[in-house]
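Worksheet for the structure shown next.
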Amino acid sequence: MSSKVNVTDIFLGHIATLSDPEGKRSIGDYITFFLVPGLVAGLGLLAGYNLNKDVASMLVNFGAIFTALLLSVLVLVYDQESKLEANKELDTLYTPKKTLLGQLYYNICFSILSSIVLVALCFVHSVVFKLVQDFGSGDAIFHFSYARYLVTPLVIFVTANLLLTIVMIVKRMHAMLTI
């Protein structure tokens, strides 16, 4: 893969932010950001939920709007980091603020990528919406809908994870601007 589109560092950096203040991995964070969205997606799968065009359109708008907003917040983080560096000697909380800004950077970049993935998944859903594979024969035929059983749970997972990550970003921005 070209280094220009390799986002592994952003993903790993985001995962590294799921830790307590001492830097130790937080099981609670992993549960919150991966297990909970997985359970929500599983419930949608068990309920037989399939995205409709209105919901997919709304999610595309949500992803596009949040991508633009998060890019603006990324500029704010950069600006805060510049100000922090300028007052490095005077700020007694330099190290925690620097750590928080680094975490915010990874969280925001991850959210932007998640928004892009969400938009792409909604596009894929619209393409495979009517694609159904039949398995079995006679009376025992199972109709497998790629949109319902594969793409919709992924959309639900990404949406839930994105919403939780945005809440974390808001909380961290609040902490950063009120310290």
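Restricting to segment 123-135, name every residue that is modelled with pLDDT of 85 or more and of a type outside the set (Phe, Trp, Tyr).
Restricting attention to segment 123-135, the residues satisfying the condition of being modelled with pLDDT of 85 or more are 123-128.
Within segment 123-135, Val124, His125, Ser126, Val127, Val128 meet the criteria.
Going through Val124, Val75, Val117 one at a time, which residue ends up being under 13 Å from the mean Cα position of the chain (by Cα) and of a type in the set (A, V, I, L, M)? Write out each step before concluding.
Details: Val124 fails: under 13 Å from the mean Cα position of the chain (by Cα); Val75 fails: under 13 Å from the mean Cα position of the chain (by Cα).
So the residue among Val124, Val75, Val117 that is under 13 Å from the mean Cα position of the chain (by Cα) and of a type in the set (A, V, I, L, M) is Val117.
Within segment 136-148, take every residue that is exposed (fewer than 15 other Cβ atoms within 10 Å of the Cβ) and modelled with pLDDT of 75 or more and give me the one that is farthest from the chain's Cα centre (by Cα).
Here is the first cut: in segment 136-148, the residues exposed (fewer than 15 other Cβ atoms within 10 Å of the Cβ) are 136-144.
So of that shortlist, the ones also modelled with pLDDT of 75 or more come out as 143-144.
Working: His143: 31, Phe144: 27 Å.
Only one residue fits best here, namely His143.
Filter segment 6-45 down to residues that are of a type in the set (Asp, Glu) and assigned to a helix (DSSP H, G or I) and give me whichever is surrounded by the fewest Cβ atoms within 10 Å (Cβ to Cβ). Working first, answer last.
Let us first name the residues in segment 6-45 that are of a type in the set (Asp, Glu), namely 9, 20, 22, 29.
Pick out the ones that are also assigned to a helix (DSSP H, G or I) and you get 9, 29.
Values: Asp9: 11, Asp29: 16.
Among those residues, the one meeting the criterion is Asp9.
Could you say whether any residue in segment 77-94 is under 19 Å from Leu18 (Cβ atoms) and of a type in the set (A, V, I, L, M)? Reasoning before the result, please.
So in segment 77-94, the residues under 19 Å from Leu18 (Cβ atoms) come out as 77.
Adding the requirement that they be of a type in the set (A, V, I, L, M) leaves 77.
Yes; the residues of segment 77-94 include at least one that is under 19 Å from Leu18 (Cβ atoms) and of a type in the set (A, V, I, L, M).
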- Message: Pairs needed: first member in segment 103-130, of a type in the set (Phe, Trp, Tyr); second member anywhere, in a loop (DSSP other than H, G, I, E, B); C-beta distance under 8 Å; at least 6 residues apart or different chains.
- Response: Tyr106/Thr17
- Query: Would a scan of segment 127-134 turn up a residue that is in a helix (DSSP H, G or I), among the charged types (D, E, K, R) and either surrounded by fewer than 12 Cβ atoms within 10 Å (Cβ to Cβ) or at negative phi (or both)?
  - Reply: no
- Message: So for segment 96-105 (the condition being assigned to a strand (DSSP E or B) and surrounded by fewer than 16 Cβ atoms within 10 Å (Cβ to Cβ)), does at least one residue qualify?
- Response: no
- For segment 86-95, how many residues meet the condition of being exposed (fewer than 10 other Cβ atoms within 10 Å of the Cβ) and among the aliphatic types (A, V, I, L, M)? 1
- Query: Pairs, please: C-beta under 7 Å, at least 6 apart or cross-chain, first residue closer than 15 Å to Arg172 by Cα and in segment 80-96, second in a helix (DSSP H, G or I)?
  - Reply: Gln80/Leu101; Gln80/Met176; Glu81/Leu101
- Query: Within the bounds of segment 56-75, is there any residue that is of a type outside the set (Ser, Thr, Tyr), outside any helix (DSSP H, G or I) and buried (at least 16 other Cβ atoms within 10 Å of the Cβ)?
  - Reply: no
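The values are calculated or read from the model by the stated rules, or taken from the named source; none is laboratory data. All values reported here derive from a predicted model rather than from experimental measurement. Reconstructed Cβ throughout: ideal geometry from the backbone, glycine too, with neighbour counts over all protein chains shown.
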